Amino acid sequence: MADSVKNKLTKLREEIRQHNYSYYVLDEPSIPDVEYDKLMRALQKLEAAHPSLITKDSPTQRVGAQPLDVFLSASHQVPMLSLGNVFHEDELEAFEIRIKDRLKRDINIDYTAEPKLDGLAVSLIYEDGLLVRGATRGDGMTGEDITENIRTIKSIPLRLREHQDMPKKLEVRGEVFMPKKGFEKLNAQARRAGEKTFVNPRNAAAGSLRQLDPHNTARRPLDIYFYSATDIDQSTPIVTQYESLGFLRELGLKVCPEIELVPGFRGCLNFYRRILDVRDSLDYEIDGVVYKVNNLALQNELGFISRAPRWAVAHKFPAQEVVTKVLQIEFQVGRTGALTPVAKLEPVFVGGVTVSNATLHNMDEMHRKDVREGDEVIIRRAGDVIPEVVKTVLKPGVKRNKSVQAPKKCPECKSDVVQIEGEAVIRCSGGLYCAAQRKGAIKHFASRAAMDIEGLGDKLADQLVEAELISSVNDLYHLDKGKVLALERMGAKSTDNLLAAIEESKKTTFSRFIYALGIREVGEATAASLADYFQDQNSLMSANTEKLMEVADVGPVVAQNITAFFKQAHNQEVINGLISIGVAWEKKVESKNQNKPLTGHTYVLTGSLESLNRVDAATRLKALGAKVTSSVSKKTTAVVAGANPGSKLTKADALGVQILTESDLLALLRDELD
Ligand code: IVH
């Protein structure tokens, strides 16, 4: 009996590892998320029933129970070195000449060319395939033991994949980083919560790895690419850097897919140009590329000079942070009327482009950073993100201008500017009377994730509004061909294409349609949930806030935004107009909600859950037919209380509503699935 459970556990863990490998290393997901979640739940359930059989390398055991008091120090048997830098092509050629001089022969040299990741170097040790230690670089000789935090990074295997050349001990090094998208999301969350934002993804990654409580690290979107295998104590048949990276991949360790094997310094330069070109489209920050002599025997021959290898060099990109002067602070009006303070700058070249504007986000941020007209400031351009002001550079004795105050009137339409209490944002109250808001609404409506009207970009939207050809999105479907043709830069072909794309956009999905309306705080995901929940626009438009809050990621604020939006006669007209002109989507097939295990039950979620977030929990409950609402009443079946629950728990208690813990919830989800 025990043996068969053991076998089952081994098989489940192996299966999950295999899927992790496909997902993280090969970048080819092998099963849908829900199937993966099912496997994880099956494993959790089996382990819960047989706690003595839980192993440290089980995929369920990523987050340790106890926060640490301090980090222990971790020494590096092979020191973690740094790299020399070059900035120009001739310096790179000189690097290769030095190598050949040193080798005393004129041979062709191949290099592995790798992006230089802008994160944190870590060293991981695997013994018999098991992750036993993770450490920071520290001073190169001694770092900090961050094993517990490293274990929470999902793309790091706790156990390596079976391999015929599995070393008994393997030390691998790589760079932990925070993907750009994850960073933006984290900062947006912090901004909403009025908390401090991170300066850049690298700081965010560093801060996340330095958490004493691994639960905190587990919540941060961290990732890793490995770039070297050191200290392999078993002779593996590997003679080049490029092969060693292949070996790491075979062991299940993630290696950057951009890495190439290139011939000579000219090959390196081609790589540099290619990577500089794609830099902005990568989801991680890089500050240059690294070239390493490919042949390990040659590396050995070349050796080290002070703290850097002679066989490798970093080719750095031009700086991404520069100092310039704020000429003026202006306010730009967005689609929802939000006024964003923008610093107009003395133009400066940063990260490959000339920047003359940088966002200050909102009034609170502007005041927090205390940016004033005339100040010298540090500007950062991170990839394709809008340039932002990092901070002012204060010079002692220099007299500064007064702080810029929020305008009382909209700079575009002169309507009153309002601020809702507790919100950092100030808004123009002009609505669609304001040309800036009209332009914004049309750009959003036409954007790819919304109605996806190809060819209707920012410039054309501005032109259409300025030429008064459209004042609301409906007008797009009644455009006069002759008038479009008369616009600057519009030829016969582009006009035809535009009108065809507009016509084409009428065939859409309910979710795109909802998103396209531009309701405040209704992003793509919320629009998809709403489309999933409501049958058609009429049931959505007539839903009250209570009903709306039954939708997975709709809270009270979003629900109010939605009802307020549909209450406006103008918006009703637009929607009806769009439908009558032929905007349509396929009706969804009626789901047989009636027969599901939790049909008729209503749950309320409060506090933070550990093993899954609230949206996931709600989605799963709803998949079983349950309703998930945000307020507790006598009709509530149960309240699920996570850590730090709010007043809902008190209310549940007072009403005598059943209270479930997170593990009760997991058990419920498991049982109902079985
Ligand atoms: S090799 C002796 N490869 O750059 C070789 N380093 O300046 C040293 N880094 O501490 C490391 N991407 O944090 C190497 N593809 C890459 C890298 C890389 C980023 C970082 C690493 C290291 C620093 C050296």
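The values are calculated or read from the model by the stated rules, or taken from the named source; none is laboratory data. Bear in mind that the values here come from a model prediction, so they are computed numbers and not experimental data. Methodologically, a virtual Cβ is constructed for each residue, glycine included, from the backbone with ideal geometry; neighbour enumeration extends over all protein chains shown. Surface areas here come from the heavy atoms of the whole protein model, side chains and all, with no ligands, DNA or RNA. Shrake-Rupley method; radii C 1.70, N 1.55, O 1.52, S 1.80 Å.
A few points about this structure:
- Residue that is farthest from the chain's Cα centre (by Cα), among those in segment 181-196 that are touching a residue at least 12 places away in the same chain (Cβ under 8 Å) and surrounded by fewer than 19 Cβ atoms within 10 Å (Cβ to Cβ): 194
- Scanning segment 630-655 for residues that are assigned to a strand (DSSP E or B) and surrounded by fewer than 19 Cβ atoms within 10 Å (Cβ to Cβ) turns up just one, 643.
- Conditions (1) in a helix (DSSP H, G or I); (2) within 16 Å of the ligand (Cβ to nearest atom); (3) buried (at least 20 other Cβ atoms within 10 Å of the Cβ); number of the one not met by residue 112: (1)
- Any hit, segment 252-275, residues being at pLDDT below 95 and more than 20 Å from residue 105 (Cβ to Cβ): no
- Positions within segment 93-109 being open to solvent by less than 100 Å² (accessible area, probe 1.4 Å) and more than 16 Å from the ligand (Cβ to nearest atom), in sequence order: 93, 94, 96, 97, 100, 103, 105, 107, 109
- Scope segment 605-628; condition under 13 Å from residue 554 (Cα atoms), modelled with pLDDT of 75 or more and among the β-branched types (Val, Ile, Thr); matching residues: 628
- Of all residue pairs spaced 6 or more apart or on separate chains, those with beta-carbon atoms under 6 Å, a first member in segment 338-357 that is outside any strand (DSSP E or B) and a second member that is crowded, with 17+ Cβ neighbours inside 10 Å are 351/320; 351/381.
- Candidate set from segment 285-319 (those that are touching an Asp or Glu at 6+ places or on another chain (Cβ under 7 Å), under 24 Å from residue 387 (Cβ atoms) and in a loop (DSSP other than H, G, I, E, B)); member that is nearest to the ligand (Cβ to nearest atom): 285
- Residue 79 being within 16 Å of the ligand (Cβ to nearest atom), within 13 Å of residue 316 (Cβ to Cβ), open to solvent by less than 90 Å² (accessible area, probe 1.4 Å) and touching a residue at least 12 places away in the same chain (Cβ under 8 Å): no
- Within segment 656-667, the residues that satisfy the criterion of being out of contact with any Gly (no Cβ under 8 Å at 6 or more places or on another chain) and not in a loop (DSSP other than H, G, I, E, B) are 658, 659, 660, 663, 664, 665, 666, 667.
Conditions tested, residue by residue: (1) out of contact with any Phe, Trp or Tyr (no Cβ under 6 Å at 6 or more places or on another chain); (2) crowded, with 19+ Cβ neighbours inside 10 Å.
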| position | (1), (2) |
| --- | --- |
| 473 | no, yes |
| 480 | yes, no |
| 487 | yes, no |
| 509 | no, no |
| 515 | yes, yes |
| 531 | no, yes |
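- In summary, residue 84 fulfils each of the numbered conditions (1) out of contact with any Lys or Arg (no Cβ under 7 Å at 6 or more places or on another chain); (2) farther than 20 Å from residue 131 by Cα; (3) open to solvent by 60 Å² or more (accessible area, probe 1.4 Å) with the single exception of condition (3).
- When 333, 350, 326 are checked against the criterion of being on the phi < 0 side of the Ramachandran plot and in contact with a helix residue (DSSP H, G or I) (Cβ under 7 Å, 6 or more places away or on another chain), a single residue qualifies: 333.
- Some residue of segment 209-224 being within 16 Å of the ligand (Cβ to nearest atom) and open to solvent by 60 Å² or more (accessible area, probe 1.4 Å): yes
- If the condition is being within 14 Å of the ligand (Cβ to nearest atom) and farther than 21 Å from residue 287 by Cβ, then segment 115-130 contributes only 124.
- Here residue 441 clears all of (1) buried (at least 18 other Cβ atoms within 10 Å of the Cβ); (2) in a loop (DSSP other than H, G, I, E, B) except the condition numbered (2).
- With respect to being within 28 Å of residue 565 (Cα to Cα) and either at pLDDT 90 or above or out of contact with any Asp or Glu (no Cβ under 9 Å at 6 or more places or on another chain) (or both), residue 420 fits the description.
- Residues in segment 574-589 that are part of a helix (DSSP H, G or I), of a type outside the set (Ser, Thr, Tyr) and without any contact (Cβ under 8 Å) to a residue 24 or more places away in the chain: 576 alone.
- Taking the listed residues 172, 132, 176, the one that is open to solvent by 20 Å² or more (accessible area, probe 1.4 Å), aliphatic (A, V, I, L, M) and in contact with a helix residue (DSSP H, G or I) (Cβ under 9 Å, 6 or more places away or on another chain) is 132, with no other qualifying.
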